[in-house]
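Worksheet: the structure to be examined is printed underneath.
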Amino acid sequence: MAIIVQKYGGSSVATVDRLKQVARKVVQRRRSGDDVVVVVSAMGDTTDRLLEMARQMSSAPHRRELDMLLTVGERTSMALLSMAIHDAGVDAISFTGSQCGILTTDSHSRAQIMEVRPFRVQDELARGRVVIVAGYQGTSYKREITTLGRGGSDLTAVALAGALGAEACEIYSDVDGVWTADPRIVPSSTKIESLSYEEMEALSRGGAKVLNRDAVAWARRVGVALYARSTFAPDDARGTAVRLNPPVRPNPVIGVTGRKDWIRVQHTQASVLSDLLCGSPVVRRRAKSNLVTAWLVKEDLPEASVLIEGCRAAGATVEEHLGSVTVVGTGLGENQHTYQLLVSQLSEWPNELTETSWTAWLPPDLVDQTVRIVHDAALARR
Ligand code: ADP
Ligand code: ASP
Ligand code: MG
């Protein structure tokens, strides 16, 4: 019997009715013979609402207490889903991240998973139960409750899939896969059938939140077969597969994505910058002659304004209104046609070409329209 890990995101469990719909899908899968582990996010915008309450309490909410608060969201969903599955006549049990052996570093807000020891999950699967897991959380070696960063339930699912030797990890959201651009922003975008881990990681890092960037990186590292699907599509809909060797495509460009929440911090001394950002999740770093630059994203920083103030007080230059447009593909600099096309689209802003991506830095209010224009130039059907 195969082990399948499914993850249902916030919009899929936003209401009691949607939780019941998820329960029906899970029960059907269990009855088809698979062992099923289900990871759930907080209902709808619960995490944002809890964060807002914390911000009303304090301008720099204590990180430990913030994690205690935010993990409540996922616990609510796991218990409710377990009840619904019981009602449908299938045995189920819910676990927090700590109970299912997700061990993390001792940092709050965006802890790293160090190890997964899923013994209790394995025992319950052996008893024939469906195991429901609260996503986005773990426990540190000091037995403190930690969270894994925004969108971190995807990482919970992938890490558990890896530790359990699952056949597949299916991430269910409100879109039926990964598209060539966010379908809410680019009407002409189309669904991608399959893409490589590296391409997906570049898309996620550039802002395509349909799959969390840490989750994709983990899946690549441990070789988990990853699928993005819609909760609301028919059960046989295939979604998108993220895998080792996707078929070769004629167009080097696979997708275009944008982000509007970068913070860029620059200082002449690397050691000063490291001290300033110690404990804050840095997404990218670059060093050029006597200037060191670090990029962070606001969604990772519950206390962004305090961090920015501290950096400025220590003599760092901070740009807090920065967006990006990233074109993802393979050999973008090698294909003459693609190279010329992207130079003409992106070179008016500072930009950077790597193996799998081409990123331009621009004001946040230009991001959506630029994603649309670049997408249609590089990917619209010819
Ligand atoms: P969940 O809450 O279920 O984790 P998310 O909101 O994190 O779901 O991710 C799904 C959303 O990702 C979609 O509603 C869509 O707007 C957005 N998205 C951004 N880029 C893409 C893309 N390239 N393909 C599909 N969806 C995308
Ligand atoms: N509830 C958390 C968030 O909103 C984690 C997740 O949904 O994956 O970021
Ligand atoms: Mg998500």
SER188 fails exactly one of (1) within 16 Å of ligand 2 (Cβ to nearest atom); (2) surrounded by fewer than 24 Cβ atoms within 10 Å (Cβ to Cβ), namely (1)
Condition set more than 11 Å from VAL224 (Cα to Cα) and acidic (Asp, Glu), scope the range 145-178, selection farthest from ligand 1 (Cβ to nearest atom): answer is ASP176
Checked the range 100-134 for anything acidic (Asp, Glu) and either in contact with a Cys (Cβ under 6 Å, 6 or more places away or on another chain) or modelled with pLDDT of 95 or more (or both); matches are GLU115, ASP123, GLU124
By residue number, the members of the range 351-378 that are in contact with a strand residue (DSSP E or B) (Cβ under 6 Å, 6 or more places away or on another chain) and in a helix (DSSP H, G or I) are PRO364, VAL367, THR370, VAL371, VAL374, HIS375, ALA378
Taking the range 16-44 and keeping only residues that are within 16 Å of ligand 1 (Cβ to nearest atom) and within 22 Å of the chain's Cα centre (by Cα), one is left with ARG18, LEU19, VAL22, VAL38, VAL39, VAL40, SER41, ALA42, MET43, GLY44
Condition check for ALA287: hydrophobic (A, V, I, L, M, F, W, C) and over 27 Å from the mean Cα position of the chain (by Cα) | no
The residue from THR147, THR180 that alone is more than 16 Å from ligand 2 (Cβ to nearest atom), in contact with a Leu (Cβ under 7 Å, 6 or more places away or on another chain) and at pLDDT 95 or above is THR180
Over the range 150-166, the set of residues away from ligand 2 (no atom under 14 Å from the Cβ) and either hydrophobic (A, V, I, L, M, F, W, C) or closer than 19 Å to SER11 by Cβ (or both) is ALA161, ALA163, LEU164, ALA166
Residue check, VAL306 in contact with a Ser or Thr (Cβ under 9 Å, 6 or more places away or on another chain) and at pLDDT 95 or above:
no
Just one listed residue, out of ILE113, ILE171, ILE102, is aliphatic (A, V, I, L, M) and either away from ligand 2 (no atom under 16 Å from the Cβ) or more than 17 Å from the chain's Cα centre (by Cα) (or both), and it is ILE102
All conditions in (1) more than 30 Å from VAL26 (Cβ to Cβ); (2) out of contact with any Phe, Trp or Tyr (no Cβ under 9 Å at 6 or more places or on another chain) are true of VAL265 except (2)
Taking first residues from the range 115-139 that are touching a residue at least 12 places away in the same chain (Cβ under 8 Å) and second residues anywhere that are more than 16 Å from ligand 2 (Cβ to nearest atom) and basic (Lys, Arg), the pairs with Cβ under 8 Å that are 6 or more apart or on different chains are VAL130/ARG30
Note: among GLY33, GLY89, GLY73, just one is under 22 Å from LEU148 (Cα atoms) and of a type outside the set (A, V, I, L, M), namely GLY73
In the set LEU50, LEU19, the lone residue that is more than 15 Å from ligand 3 (Cβ to nearest atom), in contact with a Leu (Cβ under 6 Å, 6 or more places away or on another chain), under 29 Å from ALA166 (Cα atoms) and aliphatic (A, V, I, L, M) is LEU19
Going through the range 48-94 in order, the residues found to be within 16 Å of THR156 (Cα to Cα) and in contact with a Gly (Cβ under 9 Å, 6 or more places away or on another chain) are THR71, GLY73, GLU74, SER77, MET78
When restricted to VAL27, VAL37, VAL22, the only residue farther than 20 Å from THR96 by Cβ and surrounded by 15 or more Cβ atoms within 10 Å (Cβ to Cβ) is VAL27
- prompt: Within the bounds of the range 5-15, is there any residue that is assigned to a helix (DSSP H, G or I) and away from ligand 3 (no atom under 16 Å from the Cβ)?
  reply: no
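Kindly establish whether ARG184 is within 11 Å of ligand 3 (Cβ to nearest atom), part of a loop (DSSP other than H, G, I, E, B) and of a type in the set (D, E, K, R). Explain how you work it out, then say what you get.
Values: within 11 Å of ligand 3 (Cβ to nearest atom): no; part of a loop (DSSP other than H, G, I, E, B): yes; of a type in the set (D, E, K, R): yes.
So ARG184 fails the test.
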Scanning the range 230-250 residue by residue, those closer than 19 Å to TRP218 by Cα and modelled with pLDDT of 95 or more turn out to be THR240, ALA241, VAL242
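The values are calculated or read from the model by the stated rules, or taken from the named source; none is laboratory data. In this text the structure is predicted, and so the values were computed from the model without any measurement. Glycine also receives a Cβ, built like all others from the backbone with ideal geometry; neighbour counts cover every protein chain displayed.
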